[in-house]
Every structure is written in structure tokens, then in C-alpha cells.
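Contents: one structure, followed by commentary.
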Amino acid sequence: MIKLFMTDVDGVLTDSGMYYSNSGEELKRFSTYDGMAIELLRLRGIKTAIITAEETEIVANRAQKVKFDYVFQGVQDKLSVAKRLCELEGFSLQDDTAYIGDDINDILLLENVKYKACPNNAIKSVKDIKGILNLETRGGHGAVREFVEILINGS
């Protein structure tokens, strides 16, 4: 079983859409199924982390609500952050981790974790990574939950 579950945000925890109110406020769509997935991991003692290039209060608020252990925003080099996190926790990146991502800035990290997955809406170069699990569910619609259930149930 993994010890650390990591995820991207836009296109994975969200549907990759950028929504704006009339006043210019940015909005994002998250799935409650994914929120429950994080709880299922927490109940099993598995650490959770968001690693995203975006930097918004929306992500911080969502992370706090579903109780992610770690939140890294504004990240350009996701692999380096994951390596530092593994060092901090005493985990092996290649043996103890899972990551779900959907775009080119996720590729290096996806290539270096034990378990890797992408939502149905991921770009082709991500879907073509050796050993990646191509999920049936789209980002923002429960893709994280699908991946977590596979990790937990081994199916």
C-alpha cells in the first residue's frame, strides 16, 4: 500500500474549466466524490498532498475543507517538491507514492512514482506514459475517487 497520495488540481480535482463571476471572481468546480477519496486515504493513515502550478485561495480553501496534509501551490518543478516531501516523511518516491496528473507539467513526476494515473481528459502525452492507469472518469467528476478506490481495493 502507498504511504503518500499526491494530486494536481486543474484538470484532475477540477474539470479544467476557468469560471468567472460578473465581478471577475474566479470559480472552480470540485467533486464531492474526490473529497471522500481524500477522507478514505486519511482513514488508512495515508498522507495526501496537492502539488499545483496554480496559486489561488480557492485551492487553499478546498484543501483545508477536505483536510489535505500538504498543499504546494505555484510549483514549477513538481518532481523536486515530491522528492523533498518524501525526504521529510521518510518515504521512497519510487516505492511509496501515487500521483494523478493530466498535463505536460505532470509528466516528470508521473514517470517517477510507483502508481500513476490520469483522468479521461488528460492530454495524449500523459496518457501514453509507460505504466499509467488511464481512468474512465474525467477530472472534476470523481477521477481521484476512481484512482483511490483502485489503490485501496487493488482492482
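No value in this document is a laboratory result; all are computed from the given coordinates. Here the structure is a predicted model, which means the values were calculated and not measured. Cβ coordinates were reconstructed from backbone atoms using ideal geometry, including for glycine residues, and neighbour counts include every protein chain displayed.
What to note about this one:
- Entries of 28/83; 47/114; 65/124; 47/124 with Cα pairs more than 25 Å apart: 28/83; 65/124; 47/124
- Convex hull volume of the chain per residue (C-alpha atoms, cubic angstrom): 101 Å³
- In a reduced charge model with +1 at each Lys and Arg Cβ and -1 at each Asp and Glu Cβ, the stretch 1-54 shows a dipole moment near 420 debye about its Cα centre.
- For the stretch 18-155, with +1 on Lys and Arg beta carbons and -1 on Asp and Glu, the positive-most of 64, 45, 112 along the dipole: 45
- Alpha-carbon centroid distance for the pair the stretch 106-122 / the stretch 1-70, whole angstrom: 16 Å
- Rounded FRET efficiency, nearest 0.05, which uses the C-beta distance separating residue 40 from residue 88 and R0 of 22 Å: 0.40
- Proxy reagent accessibility, fewest Cβ within 10 Å first, across 92, 23: 23, 92
- Across 20, 99, 33, mean-square fluctuation computed from a Gaussian network of the chain (C-alpha pairs under 10 Å connected) peaks at 20.
- Unit Cα scatterers, Debye sum, the stretch 45-99: log10 I(q)/I(0) for q = 0.15, 0.17, 0.23, 0.29 Å⁻¹: -0.43, -0.54, -0.93, -1.23
- Between residue 32 and residue 152, residue separation times 0.36 nm minus the direct Cα-Cα distance comes to 41.4 nm.
- Dipole magnitude of the chain, debye to nearest 20 (Cβ charges: Lys/Arg +1, Asp/Glu -1, about Cα centre): 400 debye
- Projected label points at residue 64 and residue 95, each 7 Å from Cα along the beta carbon direction, are separated by 3.7 nanometres.
- Virtual spin-label span in nm between residue 73 and residue 23, 7 Å along Cα→Cβ: 1.8 nm
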